[in-house]
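The values are calculated or read from the model by the stated rules, or taken from the named source; none is laboratory data. Since we're looking at a predicted model, the values are computed, not measured. Here the Cβ is made from the backbone with ideal geometry for all residues, glycine too, and neighbour counts use every protein chain on show. Side chains are part of the model used for accessible areas, which takes the heavy atoms of the whole protein and leaves out ligands, DNA and RNA. Shrake-Rupley method; radii C 1.70, N 1.55, O 1.52, S 1.80 Å.
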Amino acid sequence: MAFSLHPVIDNGITKGAADFTGGTLYCHCPSDKVTVTLKGNVLHNHACGCSKCWKPKGALFAIIGVIPRDSVSVTANGSKLHVLDPEATIQRNACKDCGVHLFGRIEKDHAFKGLDFVHVELSDVKGWQEPQFAAFVSSIIEQGFDPKDIDQVRGKFKSLGLETYDVLSPALMDMLAAFTAKQAGLL
Ligand SMILES: N[C@@H](CCC(=O)N[C@@H](CS)C(=O)NCC(=O)O)C(=O)O
Ligand SMILES: [Zn+2]
Ligand SMILES: [Zn+2]
């Protein structure tokens, strides 16, 4: 069956640049775009199949990375941003007009607090870290993807050199687990 994981990876993955210094993200509005400037590259860039992350039209996955929140600033039309779900762990700041998510921020006590979640495909420059793995793969079934075809999705990621997970990668799961243990006074 034909499907698009995400337009940025469907035809192969382009590696990022080692000395990359960042760039600006633009929402999809034809004018008065919301812009967010990132000082530096992202880390842990990955495909996410969950229902909450912003995906371009027709794509099964979002591509999302993290960057220290101090390196993120809204540089134009910030009045068009609103937080989609203030109760969620990740407060996704989306453009009210076009729906694109410009950045997600964690305000509560959490292993990833201090890191913002961003979609670097919204930038017009190249060199961003390439996707490293695929997360929340089985979550696309919750959104109506036929489970009989899910092996083709995992196979396509493997062929691109990306490992697939149904939650997060081991490195990120370890960070979450260590945070839980610290909170319980066990570490
Ligand atoms: N299966 C669920 C998973 C949602 C989920 O847990 N998303 C992850 C990856 S973005 C998360 O960390 N969510 C926290 C949040 O959305 O605040 C869905 O697809 O909605
Ligand atoms: Zn917009
Ligand atoms: Zn997600």
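None of Thr14, Thr35 is of a type in the set (Ser, Thr, Tyr), more than 16 Å from ligand 2 (Cβ to nearest atom) and on the phi < 0 side of the Ramachandran plot except Thr14.
Among the numbered conditions (1) of a type in the set (Gly, Ala, Ser); (2) touching a Pro at 6+ places or on another chain (Cβ under 9 Å); (3) closer than 15 Å to His46 by Cα, the only one that Ser169 does not meet is (2).
Here Lys113 fulfils each of the conditions (1) farther than 20 Å from Val100 by Cα; (2) part of a loop (DSSP other than H, G, I, E, B); (3) within 16 Å of ligand 1 (Cβ to nearest atom); (4) touching a residue at least 40 places away in the same chain (Cβ under 8 Å) apart from (4). Screening Gly99 against (1) open to solvent by 20 Å² or more (accessible area, probe 1.4 Å); (2) on the phi < 0 side of the Ramachandran plot; (3) in contact (Cβ under 8 Å) with a residue 40 or more places away in the chain leaves a single unmet condition, (2).
If the condition is being within 16 Å of ligand 3 (Cβ to nearest atom), open to solvent by 40 Å² or more (accessible area, probe 1.4 Å) and part of a loop (DSSP other than H, G, I, E, B), then the stretch 9-56 contributes Ser51, Lys52, Lys55.
Scanning the stretch 57-76 for residues that are touching a Ser or Thr at 6+ places or on another chain (Cβ under 7 Å), open to solvent by 60 Å² or more (accessible area, probe 1.4 Å) and part of a loop (DSSP other than H, G, I, E, B) yields a single hit, Gly58.
Test Ser71 against the criterion of being polar (S, T, N, Q), within 21 Å of Val137 (Cβ to Cβ) and touching a residue at least 12 places away in the same chain (Cβ under 8 Å), and give yes or no. Spelling it out, it is not the case that Ser71 is polar (S, T, N, Q), within 21 Å of Val137 (Cβ to Cβ) and touching a residue at least 12 places away in the same chain (Cβ under 8 Å). Considering Glu163, Glu130, Glu107, the condition of being open to solvent by 70 Å² or more (accessible area, probe 1.4 Å) and either modelled with pLDDT under 95 or closer than 20 Å to Val72 by Cα (or both) is satisfied by Glu107 alone.
When only residues in the stretch 111-127 that are β-branched (Val, Ile, Thr) and buried (at least 18 other Cβ atoms within 10 Å of the Cβ) count, which is nearest to Arg69 (Cα to Cα)?
The residue in question is Val118.
Filtering the stretch 116-138 to residues that are over 21 Å from Ala178 (Cα atoms), over 11 Å from the mean Cα position of the chain (by Cα) and part of a loop (DSSP other than H, G, I, E, B) leaves Asp124, Val125, Lys126, Gly127, Trp128, Gln129, Glu130, Gln132, Val137, Ser138.
Output the number of the condition that Ile141 fails; it satisfies all remaining conditions of (1) free of Cβ contacts under 8 Å to residues at least 60 places away in the same chain; (2) not in a helix (DSSP H, G or I). Every listed condition holds for Ile141 apart from (2). Flag set for Leu115, criterion: among the aliphatic types (A, V, I, L, M), under 24 Å from Pro170 (Cα atoms) and more than 16 Å from ligand 2 (Cβ to nearest atom).
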